[in-house]
Structure formats: structure tokens, C-alpha cells
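All remarks here apply to the structure that follows.
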Amino acid sequence: MKNFKDLDIDRIIQMCWEDRTPFDAIKSQFNISEKEVISIMRNNLRERSFLNWRRRVDNRKTKHQSLSVPQKKRFKSKSQRQISFNRFK
């Protein structure tokens, strides 16, 4: 596994908890696979928090770009765009 700074690990965890951030966006930003993301979550969250997160994202279409239906334009505040940079191109 790659060595990340604490700030990067915090950002990965934040992106994982966001419902509309697909694993593909995390991969493009940090160059890690979904399996590595799960490992980071497992190693950096309390056990109960990790289990809650896994239950939450398991088979969630918004977390897997290939399962997502092409989405209509959704409202997104201008400030969120500047903070998150989670857009997957």
C-alpha cells in the first residue's frame, strides 16, 4: 500500500463518506483501487464505523461510475465545487 500523508488519508475518508463521489474519482485523484480504498477505511476507522460505511456503500450505484445512470444536471453550490474537486472526467 502507498504511504499517504494524514491530510490525504483524511481526504480519502471524506470522499468515501460522500454519497455522490464515485470510487473512480478517488482513483483518478489518488491513483488507488477500490480495494485499496476499502483497506484505508478499514485501517483508519473504528470497527463499527467501518461496518456502517460498508453497509452504506455496498451496491450503491452512485459509488460505482459503471453502475450509474447518466445523471441529469443537479444543483451544486459554487462553494462545494471549490472545496471538493470530486468531479470525475
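Here, each number is a calculation from the coordinates, and none is a lab measurement. Please read these numbers as outputs of a predicted model, since none were measured by experiment. Don't worry about glycine lacking a Cβ; one is built from the backbone with ideal geometry, like all the others, and counts go over all protein chains shown.
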Looking at segment 4-21 only, could you name the residues that are touching a Ser or Thr at 6+ places or on another chain (Cβ under 7 Å) and buried (at least 18 other Cβ atoms within 10 Å of the Cβ)?
Met15
Applying the selection to segment 18-65, what residues are in a loop (DSSP other than H, G, I, E, B) and among the small types (Gly, Ala, Ser)?
Ser33
